[in-house]
1. Quick test of your reading of the structure: L136 fulfils all but one of (1) farther than 30 Å from D193 by Cβ; (2) modelled with pLDDT of 90 or more. Name the failing condition by number.
2. Determine whether segment 78-85 contains at least one residue that is under 19 Å from the mean Cα position of the chain (by Cα) and within 30 Å of S195 (Cβ to Cβ).
3. Restricting attention to segment 84-113, which residues are farther than 30 Å from A64 by Cβ, modelled with pLDDT under 85 and charged (D, E, K, R)?
4. What residue, among those in segment 154-177 that are part of a loop (DSSP other than H, G, I, E, B) and at pLDDT 95 or above, is farthest from D213 (Cα to Cα)?
5. Which of the residues spanning segment 178-217 are free of Cβ contacts under 8 Å to residues at least 60 places away in the same chain, over 18 Å from N148 (Cα atoms) and not in a loop (DSSP other than H, G, I, E, B)?
6. Looking at (1) at pLDDT 85 or above; (2) open to solvent by 50 Å² or more (accessible area, probe 1.4 Å), find the lone condition where A36 falls short.
7. Let me confirm something: among E22, E46, E42, which residue is loosely packed, with under 14 Cβ neighbours inside 10 Å and at pLDDT 85 or above?
Amino acid sequence: PYDLLKMEETARLLVPPKWPEELLGKLDAAKISRGAEIFRTEGCAECHAREHWVQLEKIGTDPARLVNYAVPLDVGGGRTESYATNLFKSAVAIKKRAFSDNSVPPADQEKIEAWHYGVAPAWIETRDKGYLSRPLRGLWATAPYLHNNSVPTLWDLFQPPAQRPKKFFVGHRDFDPQKVGFTQPAQGIWEFDTSIPGNLNTGHNYGTALTDDQKRDLIEFLKTL
């Protein structure tokens, strides 16, 4: 039977609390201050202060997901709808069935749904809108970066695309507190190849022209979000 409190307790047991300082070390207040100013002057807040549509032409990242979401699917009766629309409807149907099967009370359904109030279903037709950027809360814990996870660390993200790792291993949890992201061992479980369409690490050139010291300051600030 459904038990919201039990589910929350299970989640806490599966993911033991770990303060960022245990991973990131003691942060430098002067760097944070300089990094915050860079975040403002580089225009980062323009896209990341809120959920915000960014057109592909502006962001320049891999287009495959955006293109695929717009692919028309035959839904019968001579009708078609985009893959994104079909995916959304399928996800909603599965969720409603789960609520019903587990007798989830309406009040608890609202708690579970609360994270996307005001967002869904705005994303259904995105081809003309582009990709949805987001606030950077907990950014240090969300590597690899870009919408397709094609850049392993924040340090790599602030390098020109041609200088970003072409391949890197994923499937491990070894954290790099300086570059902020996953370490890049010589061998690993699975190799991410950025030359494959859908995996391209191009675009998002913001911050790539900064000096190394400025990039470190910016990263120090991003650790605090």
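The values are calculated or read from the model by the stated rules, or taken from the named source; none is laboratory data. This structure is a prediction, so every number in the text was calculated from the model and none was measured. Neighbour counts are summed over all protein chains in view; Cβ atoms, including those assigned to glycine, are modelled from backbone coordinates with ideal geometry. Ligands, DNA and RNA are stripped out before the accessible areas are found, and what is left, the full protein with its side chains, is counted by its heavy atoms. Shrake-Rupley method; radii C 1.70, N 1.55, O 1.52, S 1.80 Å.
1. (1)
2. Yes: segment 78-85 contains one or more residues that are under 19 Å from the mean Cα position of the chain (by Cα) and within 30 Å of S195 (Cβ to Cβ).
3. K111 - this is the single residue of segment 84-113 that is farther than 30 Å from A64 by Cβ, modelled with pLDDT under 85 and charged (D, E, K, R).
4. K166
5. Matches in segment 178-217: D212, D213.
6. With respect to (1) at pLDDT 85 or above; (2) open to solvent by 50 Å² or more (accessible area, probe 1.4 Å), A36 is out only on (2).
7. E46
Quick grid of which residues meet (1) open to solvent by 60 Å² or more (accessible area, probe 1.4 Å); (2) at pLDDT 95 or above; (3) under 18 Å from E37 (Cα atoms); (4) out of contact with any Asp or Glu (no Cβ under 8 Å at 6 or more places or on another chain):
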| site | (1), (2), (3), (4) |
| --- | --- |
| V180 | no, yes, no, yes |
| P185 | no, no, no, no |
| W190 | yes, no, no, yes |
| S195 | yes, yes, no, yes |
| T202 | no, yes, no, no |
| L210 | no, yes, yes, no |
| Q214 | yes, yes, yes, yes |
